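The values are calculated or read from the model by the stated rules, or taken from the named source; none is laboratory data. All values reported here derive from a predicted model rather than from experimental measurement. Positions of Cβ are backbone-derived with ideal geometry, glycine not excepted, and every protein chain shown enters the neighbour counts.
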Amino acid sequence: MFSVDPKVYSSMFSLPSVIAERELKLASGDQLKVIICIFKNPGADISDIAKKTNLTVQQTEECVEYWIGEGILQSDFSAAANTENQAPRGETPKTPLPEIHYVNPTQEEIAKILKSSSSMKRLFNEAQEILGRTLGYTMQCAIYAVVNFYGITPDVANCLLHFAKSIGSTSQNDIQKIARYWAENGVTTLSAADEYINETEKAYGLYRELASRTGNSEEPASFAVLEMICEWIRWGYGADEVVKAFEIMKAEKQTGRLKFNNFRHMNGTIKNWRAAGMITVEDIEKGTAAFGGKKKKENKETSFDVELAEKTAREKPKSFGSAKNKKHKDRKGA
């Protein structure tokens, strides 16, 4: 038995119960460190959080993205994202899965499952080869969840693990996050998995070209960044348009680094282009020029009237106490 030292209650801050009830089982240690830091230090930016939690900026950004995905935090473009959920004509809207609450099986239960299911036993053996390490209990639970809670067959789960390894997202939470995305988007067959992986490879190609054309070193792109780029490609945008969005982001944020928050800024820009029907660089430049001309006209119509100001300045307004001043001048003159 143990008890809490009463002295620690002298300084406290609030934390939503959902974090202690649901996320304590699902979130990683780094993710919990970041969310606690955010609630303790509201308004802190990514670099501040990274310093306080002893994480890298990239690790911190990925943790923040996790909490955005869980609905605990809101992104800068949450309003735009809400509008985007209304799928345009001809597109199938994404159907989010209901919140899944489950209890991890015990080690003994996992052993029984592997004895009774040859496909699961094969998946676990292949997972060790793919990930290059012996599966610990938490990873065994993650792979079990991919099949039993997200409805992904062992063969497709094998593809998922290969994909997770290729993008460097092999933690328990990363694998379950990818599994949830695949389940929500119908990536539950081998053909759908192949199509998705091919699409992601195209996104990686665009990412590499963007890094090259903007003078950035090619660091591994996170799952969230690749999903943004995949969506841009589906909307018909190519490298030229993405570089244009990067240039706008660089001018507004005064940074040319390819990092997650900057991709979010670019994502908001590209969503605005799409909403305005601007797909090619030519469309974007024409639309930008038209917007600039409209803005200039509005500014001209509402600009300060210089002639009126000069006329007003020439007039001598009667000030308070003018009678007293006049009397003072009369006496002085006398």
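State whether one or more residues within segment 212-222 are farther than 29 Å from Q176 by Cβ and of a type outside the set (S, T, N, Q).
Yes - at least one qualifying residue is present in segment 212-222.
Between E241, E252, E195, which is farther than 27 Å from Q59 by Cβ and exposed (fewer than 15 other Cβ atoms within 10 Å of the Cβ)?
On inspection, the qualifying residue turns out to be E195.
For segment 240-285, give me the residue count where each residue is farther than 16 Å from A211 by Cα and of a type in the set (A, V, I, L, M, F, W, C).
The qualifying residues number 9.
Matching residues to (1) touching a helix residue (DSSP H, G or I) at 6+ places or on another chain (Cβ under 8 Å); (2) at pLDDT 90 or above:
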site: G236; (1), (2): no, yes
site: A239; (1), (2): yes, yes
site: V243; (1), (2): yes, yes
site: K253; (1), (2): yes, no
site: N261; (1), (2): yes, no
site: M266; (1), (2): yes, yes
site: K271; (1), (2): yes, yes
site: A276; (1), (2): yes, no
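Please state which one of R234, R213, R264, R257 is in contact (Cβ under 8 Å) with a residue 60 or more places away in the chain and either under 18 Å from the mean Cα position of the chain (by Cα) or not assigned by TED's automatic domain parsing to the domain that holds I178 (or both).
Every option except R264 fails the conditions.
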